[in-house]
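The values are calculated or read from the model by the stated rules, or taken from the named source; none is laboratory data. Since this is a predicted model, take the numbers as computed values, not measurements. Don't worry about glycine lacking a Cβ; one is built from the backbone with ideal geometry, like all the others, and counts go over all protein chains shown. Side chains included, ligands, DNA and RNA excluded: accessible areas come from the protein's heavy atoms. Shrake-Rupley method; radii C 1.70, N 1.55, O 1.52, S 1.80 Å.
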Amino acid sequence: MSDHSHTFTPPSPERLTHDLDRVSKISLAIGVIALISSAVGGYCDRVQALHSYLFAFMYFYTIMAGAFFWTILHHAVDANWSVIVRRQFENVANLMGVMAVGFIPLFIFREDIWKWTQPSELAHSVLLQEKHGYLNMPFFIVRLIFYFGFFTGAAYFYRKLSTAQDSDGSIVHSWRLRWWSPLSIIGFGLAITFSALDWLMALDYHWYSTMWGVYIFAGSAQSSMATCILIVFLLRKAGYLKPLSGEHAHIMGKLLFAFTVFWAYIAFSQYMLIWYANIPEETVFFIKRNNGSWTYLSVFLVAGHFIFPFIYLLTQAVKKSWASLSVIAVWILFMHGVDHFWIIAPVVRPDGFSMRWTDFTSFIGLAGILVYVFIRILGSAGLFPARDPRLNDCIKLTN
Amino acid sequence: MSILAKNSEGQSVEIYAIGAEFPSAAAVFEAAQKVRDQGFKWWDVYSSYPIHGMDAAMGLGKSWVSAISLAGAATGLTTAVLLQTIPSVFIYPMIVQGKPYFSLPAFFPIMFELTVLFTAFATVFGMFTVNLLPRLHHPIFNWERFCQKATDDGFFIVIEVADPRYSETDTPKLLESLGASNITLIPRD
């Protein structure tokens, strides 16, 4: 409430004062060793190792895309509440550059992952010839350039202007960021939808689902909110971001809850339409995952990705405490992994649920490198936009 | 206990509450915190728009409406499950589209919708019940200045005489010390 603002003193800018240099280097070392072991695993069983890597890649890619989505959404609606936490969304979104480099192995070994990229497949598949207008190599490369060019460029732009405001305090930056945000939302919608189609739906080019892009987006927005809740919780634990209150936790908890429900809504809509219509081209996806030991994972996904977080997040008190909120954030990040494992692994493990050690090494490898880069990004600017004109309203938030 | 006062025609009337007007939302906000700290229970704040944080400033606890909503949700979910299961499994078992009698995915949309519908009903009617609404008249409308300004640009605190902390001498002084104007005794009828 602006009426009694006379007692307000703005918080002084904060920078990372802890020395995380050693932590980041250890994390980098672990990451590199894990990725090398993944490469060794790839030498033994290339197809399995590549799908393990795709799983890890998609897990982190969706989190980064989601963080970018929250950044531009806050600007598009001119949100007050999010000012202090916005820098963390910007930081996570800026990891997209790492993902662009991380896509190189997938591109080199594309024929082991996406069958349609094999020239021989095109020759004898009538269906693929029909879909050739979209599923062809030149267009695939153009789309790749668009996804990574858009995400890295736009995420860089959004963080650059935001940090520029830290030093000069000019409101023009806020206006420019807001002006670009509706256009960025269009770019984001196209990039997340078509990258989900290209990299996940096209694992089996026979299959299609019109809900696929939204499904990936729902999990992406939810898991990136969980990631940022966790980052904010850890930063507060280390003594930063003290102006944040339980009210901010409450809003982030409500958004987490909303996207838990939204994910379930989209996942079920996709399932029910395919189940009801019973068309072989569509049901192939669920037949693979609802038979044999994959069934248990499917049931676990429903219970763990929706029912448990739904009940957990239902009461107000849970959402108002950073500690209890970060417990469910960890769980949601785990279930986000289960979700992507459930999408990717059954394609190459049709006999039933199994895990390869490359699943873990790829995941740890990418995570290690991303943590290293994230600590660099975190230390390179203030921990929150200290001169954003809406900071005052953000700190006195009540809802 | 009934408190009487003389009206302009010299008749004695029963008093419902004491009302006070404040110049701004900030003033009524701070005054509400002081009235809360004095331990008053039977009182209310009136403003033409919601003031953020007023529930805490007034010392209001958490509302019961969410519990009523949850009860509505559980009722809706149960109703949907029973309304679909009983006919399609027990009374008129029929094979539709080659699906089993008890095909849960087909039931989910109705379960979802009835849960939402019953929750909405429970929330709205629960809110009415908790607020003792609807009612045709309220003694506060006997205060003319309140009727003129409460929905326009006035900010009011009204303390009922039924409050155990109410005192004929101290309460008007308290309100005055908080910066109130137009301190008025509001008749019940």
Checklist outcome for this item: Per the list (1) open to solvent by 50 Å² or more (accessible area, probe 1.4 Å); (2) more than 12 Å from chain A (Cβ to nearest Cβ); (3) part of a loop (DSSP other than H, G, I, E, B), residue check on B:Gly10 breaks on (1)
Checklist entry - Looking at A:Phe150, A:Phe109, which is the one that is over 29 Å from A:Ser37 (Cβ atoms) and in contact with a helix residue (DSSP H, G or I) (Cβ under 8 Å, 6 or more places away or on another chain)? => result A:Phe150
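Please find, among B:Ser47, B:Ser88, the residue that is in the same structural domain as B:Ala17 (by TED's automatic domain parsing), surrounded by 16 or more Cβ atoms within 10 Å (Cβ to Cβ) and either among the hydroxyl-bearing types (Ser, Thr, Tyr) or in contact with a Gly (Cβ under 9 Å, 6 or more places away or on another chain) (or both).
Working: B:Ser88 fails: in the same structural domain as B:Ala17 (by TED's automatic domain parsing).
Exactly one residue qualifies, and that residue is B:Ser47.
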Next on the checklist: Among the residues of the range A:300-322, are any more than 14 Å from chain B (Cβ to nearest Cβ), of a type in the set (A, V, I, L, M, F, W, C), closer than 26 Å to A:Met201 by Cα and crowded, with 16+ Cβ neighbours inside 10 Å?
Outcome noted: yes
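Scan the range A:358-373 and tell me whether some residue there is touching a Lys or Arg at 6+ places or on another chain (Cβ under 8 Å), in contact (Cβ under 8 Å) with a residue 60 or more places away in the chain and among the aromatic types (Phe, Trp, Tyr).
Residues of the range A:358-373 touching a Lys or Arg at 6+ places or on another chain (Cβ under 8 Å): A:372.
Okay, now just the ones that are also in contact (Cβ under 8 Å) with a residue 60 or more places away in the chain, so A:372.
Next cut, among the aromatic types (Phe, Trp, Tyr) only: A:372.
Yes, some residue in the range A:358-373 is touching a Lys or Arg at 6+ places or on another chain (Cβ under 8 Å), in contact (Cβ under 8 Å) with a residue 60 or more places away in the chain and among the aromatic types (Phe, Trp, Tyr).
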Checklist entry - buried (at least 19 other Cβ atoms within 10 Å of the Cβ) and either more than 19 Å from the chain's Cα centre (by Cα) or not β-branched (Val, Ile, Thr) (or both), is that true of A:Ala164? => result no
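Take the range B:103-122 and flag every residue that is away from every other protein chain (no Cβ under 14 Å) and either without any contact (Cβ under 8 Å) to a residue 12 or more places away in the chain or open to solvent by 40 Å² or more (accessible area, probe 1.4 Å) (or both). Break it down into steps so the answer makes sense when it comes.
Quick first cut of the range B:103-122, residues away from every other protein chain (no Cβ under 14 Å) only: B:114, B:117-118, B:120-122.
Scanning the range B:103-122 gives B:Leu117, B:Phe118, B:Ala120, B:Phe121.
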Item to check | Per-region count, the range B:132-149, residues in a helix (DSSP H, G or I) and exposed (fewer than 11 other Cβ atoms within 10 Å of the Cβ) | outcome: 1
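Is it true that A:Met96 is surrounded by 17 or more Cβ atoms within 10 Å (Cβ to Cβ) and not basic (Lys, Arg)?
Numbers: surrounded by 17 or more Cβ atoms within 10 Å (Cβ to Cβ): yes; not basic (Lys, Arg): yes.
Against the criterion (surrounded by 17 or more Cβ atoms within 10 Å (Cβ to Cβ) and not basic (Lys, Arg)), A:Met96 qualifies.
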Next on the checklist: With the requirement that a residue be away from chain A (no Cβ under 11 Å), outside any loop (DSSP other than H, G, I, E, B) and among the aliphatic types (A, V, I, L, M), what does the range B:46-69 give you?
Outcome noted: B:Met58, B:Val65, B:Ile68
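To keep it simple, each residue is scored yes or no on (1) more than 14 Å from chain B (Cβ to nearest Cβ); (2) open to solvent by 30 Å² or more (accessible area, probe 1.4 Å); (3) not in a helix (DSSP H, G or I).
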| position | (1), (2), (3) |
| --- | --- |
| A:Ser324 | yes, no, no |
| A:Val330 | yes, yes, no |
| A:Gly337 | yes, no, no |
| A:Pro346 | yes, no, no |
| A:Asp351 | yes, yes, yes |
| A:Ile364 | yes, yes, no |
Item to check | the range B:15-28 residues that are closer than 16 Å to B:Arg145 by Cα, paired with ones that are small (Gly, Ala, Ser) and crowded, with 21+ Cβ neighbours inside 10 Å (beta carbon under 7 Å, 6 or more apart) | outcome: B:Ala20/B:Ala180; B:Glu21/B:Ala180; B:Phe22/B:Ala31; B:Phe22/B:Ala180
Item to check | Filter result for A:Ser298 (touching a Lys or Arg at 6+ places or on another chain (Cβ under 9 Å) and assigned to a helix (DSSP H, G or I)) | outcome: yes
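If the requirement is being open to solvent by less than 30 Å² (accessible area, probe 1.4 Å) and part of a loop (DSSP other than H, G, I, E, B), which of these qualifies: A:Tyr147, A:Tyr158, A:Tyr205, A:Tyr215?
On the way: A:Tyr147 fails: part of a loop (DSSP other than H, G, I, E, B); A:Tyr158 fails: part of a loop (DSSP other than H, G, I, E, B); A:Tyr215 fails: part of a loop (DSSP other than H, G, I, E, B).
The match here is A:Tyr205.
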